[in-house]
Amino acid sequence: MKLLDQARALLAQDAGADRVVPPTGFTARLTVLTSAAMAFLTIFALALSLASGRLATTWGEELARESTLRISAPADQMDAQTAAALRVLEQTPGVASARALSVEEQQALLEPWFGPDLPVESLPVPQLIAVIEGPEGYDSEGLRLRLQAEVPGAVLDEHTRWRRPLAAAASRLKLLGWVSILLIGGATAGMVTLAANAALAANAQVIAVLRLVGATDGYIARAFVRRFTMRTLIGAGAGTLLGVVALFIMPGGEAAGGFLTGLRFQGWHWVLPMIVPPLAALVAFVATELAARRVLGGLA
């Protein structure tokens, strides 16, 4: 209830209190511009964190249970070794399914590197077999030993070997994004504190006169808190709007480039930028309140 009363008092217009703090000047420009820049950076840090989380989830879901069997053999032995490999995989506990990729599918895999006109059927390209694990998984070492004995040209490639470092890197990027947001919030609090201290020091004589006519420190502090909180809210709102527009004009995640073009918010995540200006205002409120109480105590 007390916090609600403070918020209501903060939003209430008080012309007398507003005159305590200069509406323009160095501190006003510093507060608005810095809060706008910090909000803009917060939007991109938030987008980076969410995109990294989606990337880690996608890699985990798509590759956690998938392996590839690569068969390199002379052309006259390729069909026989492929059939033998499929037979071994069908008999292996923990393998849910296995199928040989068609020429068209292999050509689609090579197309990004060699173009759409690559004659896969006339080149000594290894035969690929997609292997899907069951929930219990399979014994990869045992499968390798059996393949070595029955299908000499087969090489088992478990995607988990390179998926785990990629997923770990994406998770670290996600954490880095949230740490960046916390650092931006701390920098915003420091900026507002410095600006409030400068404004209080510049108006020391005005504060002394207000005290002589009966103004309480709470009244004076509320004037500074309201002014700097509203400045931060306006600046953060502008910075957030610019950040959202910048993200909106970027290519979607379906375009070529994957991660870098997938920084847009998705679904309900578009609501999150709306929280940035109020949070910035809250940080400014707390920082200015503490700064005003400290400085006014020192001027007593």
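Worth pointing out:
- The stretch 61-71, subset at pLDDT below 85 and surrounded by fewer than 17 Cβ atoms within 10 Å (Cβ to Cβ), residue nearest to G153 (Cα to Cα): T68
- Any pair with Cβ under 6 angstrom, 6 or more apart, that starts in the stretch 204-215 at a residue that is under 14 Å from G298 (Cα atoms) and ends at one that is modelled with pLDDT of 75 or more and not hydroxyl-bearing (S, T, Y): I207/I220
- Checking the stated criteria, L200 turns out to be in the same structural domain as L48 (by TED's automatic domain parsing) and in contact (Cβ under 8 Å) with a residue 24 or more places away in the chain.
- Every pair of residues 6+ apart whose Cβ atoms lie under 7 Å, when the first sits in the stretch 267-296 and is more than 23 Å from A199 (Cα to Cα) and in contact (Cβ under 8 Å) with a residue 24 or more places away in the chain while the second is assigned to a helix (DSSP H, G or I) and among the hydroxyl-bearing types (S, T, Y): P273/T240; V276/T42; V276/T240
- Only one of A17, A100, A96 that is over 36 Å from the mean Cα position of the chain (by Cα) and modelled with pLDDT of 80 or more: A100
- Qualifying residue in the stretch 262-278 (condition: modelled with pLDDT of 85 or more and over 19 Å from the mean Cα position of the chain (by Cα)): yes
- So I184, is it touching a residue at least 40 places away in the same chain (Cβ under 8 Å), in the same structural domain as A39 (by TED's automatic domain parsing) and more than 30 Å from F40 (Cβ to Cβ): no
- Complete set of residues in the stretch 24-45 that are closer than 15 Å to V244 by Cβ and among the hydroxyl-bearing types (S, T, Y): T42
- Condition check for L4: over 13 Å from F224 (Cα atoms), surrounded by fewer than 18 Cβ atoms within 10 Å (Cβ to Cβ) and at pLDDT below 85: yes
- Qualifying residue in the stretch 41-52 (condition: within 29 Å of the chain's Cα centre (by Cα), at pLDDT below 80 and over 30 Å from N203 (Cα atoms)): yes
- Residue check, E121 under 20 Å from A85 (Cβ atoms), acidic (D, E) and modelled with pLDDT of 80 or more: no
The values are calculated or read from the model by the stated rules, or taken from the named source; none is laboratory data. No experiment lies behind these values; they were computed from the predicted model shown. No Cβ is skipped: glycine too gets one built from the backbone with ideal geometry, and neighbour counts run over all protein chains shown.
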